[in-house]
Amino acid sequence: MSSFSRERTPSQWIALAKFLAWFTILYNLVEGMVSMGFGAADESLALFGFGADSFIEVGSAILILWRLGTSGCETTRLKRERKATQGIALLLILLALFTILGALWRLWTRQHPDTTLPGVIISLASLSFMYGLWASKKRCAAALDSRALASDAACSLACMQLSAVLLLGSLAFLILPGLWWIDSVAALAIGAFILKEGWGSLRAARHPDFSGGCGCH
């Protein structure tokens with residue numbers, strides 16, 4: 001057991017994980033609706049897609065709350081751990097496919113990210129605290145020995161990376177219009193990473209010897 005896992009009791013780590021999940025849901029619901037609203041109004045595919053991605057993270061957080069909502073025997077907890085890991089893995093795969101297909105479409109149609117103020121503000125707001133959220137989720141996952149929580153942390157990391165792509169792509173096009181393709185290429189690379197993470201989690205959850213942790217260590 002690592003040193004930081006001794007700073008809190010298991011019940012305190014579970015309480016923290018639940019708080020992070022609720023925070024994720026509330027923030028991403030607002031971010032998703034605002035981003036999709038501005039994206040539709042400004043005809044910005046990048047901003048609209050970014051808003052849609054937020055609801056993937058909402059789904060992941062809901063699965064975490066469901067996973068942590070039982071106090072049954074170890075067998076029951078392990079079953080929930082497996083199902084939650086599978087569900088989040090499928091959400092990661094969906095996010096990866098959405099990201100890759102969106103990037104390919106923008107390359108095909110030679111679209112570039114808009115440099116509107118809403119997109120810059122939303123991406124900066126997301127990046128301002130997403131690292132802390134991701135790091136906290138990773139600590140919870142390690143302390144509770146939970147593969148589902150680790151997958152949820154990976155989902156937060158993916159959203160943080162997409163925020164960076166939205167921001168840097170807009171700024172790059174503003175400075176050098178010839179680099180209209182840079183955010184799409186970066187999104188393809190991130191999409192491949194997310195797909196690998198999701199597929200790995202799905203394979204682990206479906207393995208007969210799955211022992212992703214029961215959240216009691």
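For segment 3-206, what Kirkwood radius comes out of the mean inverse Cα-Cα distance, in Å?
About 17.4 Å for segment 3-206.
Output ³J(HN,Hα) for segment 188-197: one whole-Hz value per residue in order, computed from phi by the Karplus curve 6.51 cos²θ - 1.76 cosθ + 1.60 with θ = phi - 60°, and x for Gly and Pro.
Each residue of segment 188-197 in turn: 4, 5, 5, x, 5, 5, 5, 4, 5, 5 Hz.
If you take the square roots of the eigenvalues of the alpha-carbon gyration tensor of segment 97-212 and sort them as a ≥ b ≥ c, do you get rounded (a/c under 1.5), prolate (a/b over b/c) or oblate?
The shape class here is oblate.
Mind listing the phi-derived Karplus ³J(HN,Hα) values for segment 167-176, rounded to whole Hz, using 6.51, -1.76 and 1.60 with θ = phi - 60°, and x for any glycine or proline?
6, 5, x, 5, 5, 5, 5, 5, 7, 10
Please order GLU57, GLU7, GLU197 by the number of other Cβ within 10 Å, starting at the fewest.
With the fewest neighbours first, GLU57, GLU7, GLU197 line up as GLU7, GLU197, GLU57.
The numbers here are math on the coordinates, done by the rules we state, and not lab data. Note that the coordinates shown come from a computational prediction; the quantities given were computed from them, not determined experimentally. FYI the Cβ positions are ideal-geometry reconstructions off the backbone, even for glycines, and counts take in every protein chain you see.
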